[in-house]
Amino acid sequence: MPDTILRLALPSPLRRLFDYLAPAGFPRSALQPGVRLRVPFGRREVIGILVELSDRSEVPANKLKPALELLDRTPALPESLFRLCLWTAQYYQHSLGDTLSWALPVLLRQGELAEARQERFWLVSPGANPDDPRLARAPRQREALRTLAQHHHGVPHTLLSKLQLNKDSLDLLLQKELVHVEIRRSAPLQRHGSSWLAQPELPLNAQQRAAFNAVQSGMDDFGAFLLYGVTGSGKTEVYLQLIRHALEAGKQVLVLIPEINLGPQTFERFSRRFNARIALLHSGINDRDRLDAWLAARDGEADIVIGTRSALFTPLKRPGLIIVDEEHDGSYKQQEGLRYHARDLALVRARQENLPIVLGSATPSLESLHNAHAGRYALLKLSERAGNAKPPRFLRLDVKSLPLDSGISGPLQQAIGKTLEAGQQVLVFLNRRGFAPTLLCHDCGWISQCPRCDARMTLHQRHNELRCHHCGHVERVPRQCPECSQVDLRPVGAGTERAEERLALLFPDYPVFRVDRDSTARKGAMDKLFTTISKGEPCLLVGTQMLAKGHHFPRVTLVAILDADGGLFSADFRASERMAQLIVQVAGRAGRADEPGKVIIQSHLADHPLLVQLTEQGYTAFAEQALSERRSASWPPFSHLALLRAEAHKPGQAESFLDEACTIAEQLMQQGVGSNIELLGPVPAPMERRAGRYRAQLLLQAGQRAPLHRLLATWLLALEALPSGRAVRWSLDVDPMDMF
Ligand code: ADP
Ligand code: ZN
Ligand code: ZN
């Protein structure tokens, strides 16, 4: 009889499976796809996942090694998630083993039991008592037994030291069988109450009702819905009522949110509404808690799973609905390793598991709008704010001939002052952290260039540092110019730190809060800040796009955008879309309650047609225009892209690898593997040097997806074998969002 060959996905970048012999003593039935096995790999041992069984291997029989250990009795990975990972690996042209590593909780990859946390409890044995003669000369054991006897349900091992229970004494008591240990599974989350609703629902308005009905009537099958609702239109209320519906049908719901900072807020709103077990998954929780939440979802013990990008890979026992909030948000795309897009994969998952999926946004991506136009998504519109709130008014402030004081013009200062005096809050948006983007020598023109990147270092005055935001390089601020030794070094331009400092001087009677990655690095900082702000006292908020996302600030009535020019110049074809989304999202923070909101946009190009159209006609008009430009230029969504990036220590190395790659692709196409694919490049990356490496890229553009993917699959195997590939770091990005 031939040996059973196990074909495993291993944590390796190589796009192939690895063959092993079955471990001794296991029936074939124990070897189901999705179980984990420990195997020898080179000089290490690694954990792999069984993909399939075979009777044959290309590897010579004497080279095949047996797997060392079977880690799961039943597959750790349910079949549905396994299927999603297979699809993901194929679509993104990524190794399956590495894909699984990104998708699974860390502890599962490290071999932890795929079962809920087990805990050891210490208990007094029946009949044991402190007067036992064996304890006559053991006062510490006697004491320990007394303490333990006070806890009828036992003491968890982790709490021993808290109760001053000495482990050695307990071990001695255990030998005497005066105490014993019980292994208990930590209690699954409990549901309180019998009704799912903990709070009455708001009566939906007509548009919300129509949206709700559309999704609800298709609740049993796959269907994609684009919920396009202006900020504050009550999208979340629609989600909540759909979720209730799914819960009542005995189903679980997966909710993706773009940003970890939104987690607590969303979690709170959901827990106020539901008597439900809600798991919150994001990058900030520890590995054990993540695994427990993952297991609870898999085993049907969590009713609602809320999480950021990677939560997409949470298995659900009884999936009923997927919601992707702020579907346009760039953070759904992972920019390293497995470069997946969680929104796109959520659609794949919904189709695979036959579920409805709702994509919600006030500023839908052009891709999603295009899909709605093409009939692939049902478009559900909420065009008015719910409740009493009115849409904000826009004012474009031309600052061409106005002096800027730390980025803030005179008329803007006046508007801010008036708002504060009226007892309201002001949000100042500036998408640049630090004090100033550059330090300049006024005498010789030296600028603070990063030694490792083609980029300038940002001045962080508070820490007296120059920091590169691209590679993390940090230097002390020089006392004198490194070139000419003069001391007249001046910050140029303004970042959030400078705006904060200036506003604090201009408006000394009001608190100024800064919200950016530097100010919120401490855990909980953001939460505390939002609690303060929600008290409603007049104040100033200065921040980056962290402020733009989803937050509800009822007392903010003025939003100021200090600099809207970046998105109007960039070479990236997505820049204007991003800028428009950002402006509308930031603007959406204004006047969300009873007082009307106002948005002031400072720009040197206040008459730019894009800005005019966006502010006067709104996002839909902008998006239609942008889509027709994309169509005539054949950019996505009217074509499909893949970007091969390479970087190396020596100049030219990355390009020569890409040159070879380009030649191979051309040869493959001549042989009929893929067709009508344009190869653009190789060219140096827009920022050629970064962190000391020289970077270049090759863009593939195709009208049809299928031929592009046919080419990619064959091509990448050839690239893996290419000797020149060893000297460079290369990666493929399917559907790149960022051309840098
Ligand atoms: P979005 O998710 O679109 O930003 P929300 O669901 O957060 O909107 O709603 C914005 C505000 O309007 C919230 O304060 C919410 O309680 C309120 N709201 C939503 N729907 C209704 C409704 N049908 N009637 C009254 N108020 C509503
Ligand atoms: Zn100088
Ligand atoms: Zn740098």
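The values are calculated or read from the model by the stated rules, or taken from the named source; none is laboratory data. What you see is a predicted model, and the numbers here were worked out from it, not measured in a lab. Cβ atoms come from the backbone with ideal geometry, glycine included; neighbour counts cover every protein chain shown. With ligands, DNA and RNA removed, areas are computed over all heavy atoms of the protein, side chains included. Shrake-Rupley method; radii C 1.70, N 1.55, O 1.52, S 1.80 Å.
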Where GluC sites (Glu not before Pro) fall in DSSP loop in the range 39-137, at most 11 other Cβ within 10 Å: Glu58
By accessible area (1.4 Å), largest first, Ser731, Ser603 order as Ser731, Ser603
Sequence-distant or interchain residues sharing an amide H contact under 5 Å with Ala378, placed H: which? Ala224, Phe225, Leu226
Between Thr532 and Asp221, the FRET efficiency computed from the C-beta separation at R0 = 41 Å comes out, to the nearest 0.05, as 0.35
In what sequence, largest accessible area first, do Leu582, Leu159 appear using a 1.4 Å probe? Leu159, Leu582
Work out how much length Lys162 to Glu475 would gain on full extension: take 0.36 nm times their residue separation and subtract the Cα-Cα distance, in nm to one decimal. 108.2 nm
How big is the range 5-109 by Rg and Dmax over its Cα atoms, in Å? 12.9, 37
Which FRET efficiency value, to the nearest 0.05, is calculated for Asp509 and His463 with the Förster distance at 25 angstrom and r the Cβ-Cβ distance? 0.35
Quick one: Debye curve from the C-alpha atoms of the range 206-382, no solvent, what's log10 I(q)/I(0) at q = 0.16 Å⁻¹? -0.91
Can you give the % of DSSP beta bridges in the chain that are antiparallel, to the nearest 5? 55
Roughly how many Å² is the accessible area per residue of the range 5-109, as a whole number, for a 1.4 Å probe? 49
In the chain, carbon and sulfur make up what percent of the accessible area (probe 1.4 Å)? 50
The chain - convex hull of alpha carbons, volume per residue in Å³: 229
Take every DSSP beta bridge whose two residues both sit in the range 236-365, then give the antiparallel share in percent to the nearest 5. 5
Which of the trypsin sites (Lys or Arg not before Pro) found in the range 453-494 are loop residues per DSSP with 14 or fewer other Cβ atoms within 10 Å of their Cβ? Arg479
Student exercise, the chain dipole from Lys, Arg, Asp, Glu Cβ charges, in Debye to nearest 20: 1360
Which FRET efficiency value, to the nearest 0.05, do you get for Arg28 and His152 by plugging their Cβ-Cβ distance into 1/(1 + (r/R0)^6) with R0 = 45 Å? 0.40
Measure off 7 Å from each Cα along the Cα-to-Cβ vector at Ser401 and Ala621, then give the distance between these two points in nanometres to one decimal. 2.7
For the chain, what is the calculated [θ] at 222 nm in deg cm²/dmol (nearest 500), taking -39500 (n - 2.57) for each run of four or more DSSP H residues and dividing by its residue count? -9000 deg cm²/dmol
Sort Asp518, Asp443, Asp509 from largest to smallest accessible area, using a 1.4 Å probe on the heavy atoms of the protein chains. Asp509, Asp443, Asp518
For the range 1-63, compute Rh as the Kirkwood radius over C-alpha pairs and then the Stokes-Einstein diffusion coefficient at 10 °C and 1.306 mPa s; write the answer in µm²/s, rounded to an integer. 131
Per residue, in Å², the accessible surface of the range 510-601 once ligands and nucleic acids are set aside, probe 1.4 Å: 38
Given Cβ charges of +1 for Lys and Arg and -1 for Asp and Glu, the option among Ser731, Gly536, Asn275 whose Cα lies farthest towards the positive end of the dipole of the chain is Asn275
With every protein chain present, what accessible area does Lys176 have (1.4 Å probe, heavy atoms only), rounded to the nearest 10 Å²? 50
Spelling it out for Ser233: with amide H atoms placed in the peptide plane at 1.01 Å from N, the residues 5 or more places away or on another chain with amide H under 5 Å from its amide H are Ala386
State the answer as a single residue: which of Ala128, Pro156, Ile183 lies farthest towards the positive end of the charge dipole of the range 118-185, with beta carbon charges of +1 for Lys and Arg and -1 for Asp and Glu, about the Cα centre. Pro156
